[in-house]
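Worksheet: the structure to be examined is printed underneath.
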Amino acid sequence: MGPQVVIIGMDMRSQRKKDRIMPPATYDLLKRTVDSLPAGPQHLVVLSGIPLIFPKASL
């Protein structure tokens, strides 16, 4: 994808609970990781096992 794109993949399957997606420590790690990225890339792609939008499927 080139030097202008950074990809961060998060595997949160072992941390997911019924009442939370990620524990606070993982949010902190994600923030520290993004904050430590070099200045060159213009795009950040975040891969997550949890959908941000879950469309309602009509059956």
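The charge dipole of the chain, taken about its Cα centre with unit charges on the Cβ of Lys, Arg, Asp and Glu (plus for the first two, minus for the last two), comes to roughly 320 debye.
For the chain, the normalised intensity computed at q = 0.15, 0.28 Å⁻¹ comes to -0.59, -1.22 (log10 of I(q)/I(0), Debye sum over alpha carbons, equal scatterers, no solvent). Computed 3J(HN,Hα) for the stretch 3-9, one whole-Hz value per residue from the Karplus formula 6.51 cos²θ - 1.76 cosθ + 1.60 where θ = phi - 60°, is x, 8, 10, 10, 10, 10, x, glycine and proline marked x. For K56, the lysines whose Cα comes closer than 22 Å to its Cα, not counting residues fewer than 8 places off in the same chain, are K17, K18.
The residue among Q4, L30, I53 whose Cα reaches farthest toward the positive pole of the charge dipole of the chain, with charges on the beta-carbon of Lys, Arg, Asp and Glu, is I53. Between 0 and 90 degrees, rounded to the nearest ten: what's the tilt of helix 24-35 against the longest Cα principal axis of the chain? For helix 24-35, the angle is close to 30 degrees. With R₀ fixed at 22 Å, the C-beta to C-beta distance from T33 to I53 puts the FRET efficiency at about 0.40.
Each value in this text was obtained by applying a stated rule to the coordinates, not by laboratory testing. Treat the numbers as computed from the prediction; the structure is a model and nothing was measured. A quick note on method: Cβ atoms are made from the backbone with ideal geometry, for glycine too, and the neighbour counts reach across all protein chains shown.
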